[in-house]
Amino acid sequence: MEFVFTDEQAMIAETARAFFTENATSERTRKAMAADGIDAELWTAFCQELGLSGIGIPESAGGAGLGLVELAIIAEAAGAQVAALPMLGSLAMAAQAIAAGGTPEQQAEWLPRLLSGEVVAGYVHDAALAANGDVLTGGDRFVAHGASAQVFVVTSNTGAWIVPVDAAGLAVTAQTTMDQTRPYAHVALAGVQGAPLGNPAAAIEAAHRAGFVTVAAEALGGAQAALDRTVVYAKERVQFGRVIGSFQAYKHRLADMMIEIEQARSAVYWAACAVDEGSDEAELAVHSAKSFAADTYFMCAGNMIQLHGGIGFTWEHDAHLYFKRARAIQSMLGSGNWHRERIASMILGDAA
C-alpha cells in the first residue's frame, strides 16, 4: 500500500482545507445549530460549486471515480472545522449504498439529486428489521440528520431498500442531541413499503465501510484541529511571567495528543487504502480506524478544554463544539468496544 498522497490527492486536500477553513466558520456553524443542523449555503457550495460531493462515487454512477482515500481527505477537512453538513449519512452511506447496490433506475433517480445536494438522505440500519417481502417493520433507530432527510436507505443484515420520507407508516421524530451540529431523529417503520436495491449485500458493505472510514477521518481532522488550536493558545497565554506552553506538564499533554493523532492518521488511511485496493485486511482496518480515531478525538477534545483553562469551558469558545462532536462520534456507528470485539473475533476466531 502507498501511504503518501499523490499530487492529485495533495491538491484535493489543499482545496478542501481552504474551502472549509474559509466557509465553515464558527458563526455559521452556530447558526446552523440553532436551526436543523445543516449549513444549507455551505452544503450547496460544497456539492455544486466545489464539486467534491461525488468524489467517492464511481464514474459509472455519476461520480468522480475516486476512492475512499479521497473521501477521507474531504471528511478530515470538514471535521477540522466541525462543519454542519449531512455528509456522513447522505453521501458516505446512502449514496454509496445506492451506487454500489442500486439498480440503474435507482441510481439515475437518486444519485444526481444526492450529489447536487438537492436531496438529503438518511441511513437506517436495523439488524432485526422484519421484512415481509418489501413491507418493512422495525427501524426504531436514531438517524443523523433524519429530520432533514427526504429519503432513507434502510438496511438489515440481508436486505436494503429505499424509502421516501412521505411513505405511509414511516415515523420520523426530531430529537434534542448533545452534538447540535449533527442532530438526530428517531426513525421507526410500521408496515412501510420499500423499494429493494438490486444488490443489497454490495450496498450494505459499501455503506458501512465508507461510513466507518468517513467518521474516522472526521475524528482525525477534529483531533488535529484541537491540537493545533491548543498549540496556538499555548504560545499566546502568559502566566507567572511565562507563556504557558513553556511549562513541562503542558508540553507533555500536547505531545501525548500528537502521538495519538499520528497513530490515528495511520489507521484512517490504512483503512481507506485497504478498501480501495480490495485488501484482505479491509474489514479489520475499518473497525480499527473507527475505534482508534474516535477515542483519539475524545481524548484530544477533552485536553483542548482543560489546556485552555477557564475560557475553554465557555459557550463562546469553540472547544465545546469539538468535545460534543467527539463524544457523539464515539457512540455512533458502533461503540469502540463493539469494534474491538469485531477485531478480536477476526484475529482470534472462536477463542475471542
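The values are calculated or read from the model by the stated rules, or taken from the named source; none is laboratory data. Source: prediction; values computed, not measured. No Cβ is skipped: glycine too gets one built from the backbone with ideal geometry, and neighbour counts run over all protein chains shown. Please note that ligands, DNA and RNA were not included when accessible areas were found on the heavy atoms of the full protein model with its side chains. Shrake-Rupley method; radii C 1.70, N 1.55, O 1.52, S 1.80 Å.
Using only Cα positions of the stretch 185-308, each an equal point scatterer, no hydration layer, compute I(q)/I(0) via Debye at q = 0.13, 0.14, 0.18 Å⁻¹ and quote the log10 values to two decimals.
Treating every Cα as an identical point scatterer, log10 I(q)/I(0) equals -0.65, -0.70, -0.91.
Around E27, with a cut-off of 13 angstrom between Cβ atoms, what is the net charge of the other residues, counting Lys and Arg +1 and Asp and Glu -1?
Once positives and negatives cancel, what remains is -2.
Would you work out the relative contact order for the stretch 56-138, in percent, from Cα pairs under 8 angstrom that are 6 or more residues apart?
Computed value for the stretch 56-138: 25 percent relative contact order.
Using Cα pairs closer than 8 Å and at least 6 residues apart in sequence, work out the relative contact order for the chain, in percent.
With pairs under 8 Å counted, the relative contact order is 17 percent.
When the Karplus curve 6.51 cos²θ - 1.76 cosθ + 1.60 is applied with θ = phi - 60°, which whole-Hz ³J(HN,Hα) does each residue of the stretch 311-325 get, with x for Gly and Pro?
Working through the residues one at a time gives 5, x, 9, 8, 5, 5, 7, 7, 4, 5, 5, 5, 5, 5, 5 Hz.
Pull out a ≥ b ≥ c, the square roots of the eigenvalues of the alpha-carbon gyration tensor of the stretch 1-112, then state rounded if a/c is under 1.5, prolate if not and a/b is larger than b/c, and oblate in the remaining case.
Note, shape of the stretch 1-112 comes out oblate.
Which entry in (i) 23.8, 77; (ii) 20.1, 73; (iii) 19.0, 56 is this structure's computed Rg and Dmax of the Cα atoms in Å?
(ii)
Grab the other residues whose beta carbon is less than 15 angstrom from that of Q248, score K and R as +1, D and E as -1, and report the net.
+2
Where the centre of each part is set by its Cα atoms, how far does the stretch 60-116 sit from the stretch 216-232, in angstrom?
Their Cα centres are 23 Å away from one another.
Please label the shape of the stretch 271-316 as rounded, prolate or oblate, based on the square roots a ≥ b ≥ c of the eigenvalues of the alpha-carbon gyration tensor (a/c under 1.5 means rounded; beyond that, a/b larger than b/c means prolate, else oblate).
prolate
M11: net charge of surrounding residues, Cβ under 12 Å, Lys/Arg +1, Asp/Glu -1, itself excluded?
My count for the surroundings of M11 gives -3.
Ignoring ligands, DNA and RNA, what accessible area per residue does the chain give at 1.4 Å, in Å²?
With the other protein chains kept in place, the chain gives 43 Å² per residue.
Once Rh is set to the Kirkwood radius over Cα pairs, what Stokes-Einstein translational diffusion coefficient, in µm²/s, holds for the stretch 37-164 at a temperature of 25 °C and a viscosity of 0.890 mPa s?
Estimated diffusion coefficient is 165 µm²/s.
How large, in percent, is the carbon and sulfur part of the accessible surface of the stretch 41-158 at a probe radius of 1.4 Å?
Carbon and sulfur: 48 percent of the exposed surface of the stretch 41-158.
Given the rule -39500 (n - 2.57) for each run of at least 4 DSSP H residues, summed and divided by the residues of the chain, what is its mean residue ellipticity at 222 nm, to the nearest 500 deg cm²/dmol?
-17000 deg cm²/dmol
How much of the accessible area of the stretch 194-265, probe 1.4 Å, is carbon plus sulfur, in whole percent?
Within the stretch 194-265, the accessible surface is 58 percent carbon and sulfur.
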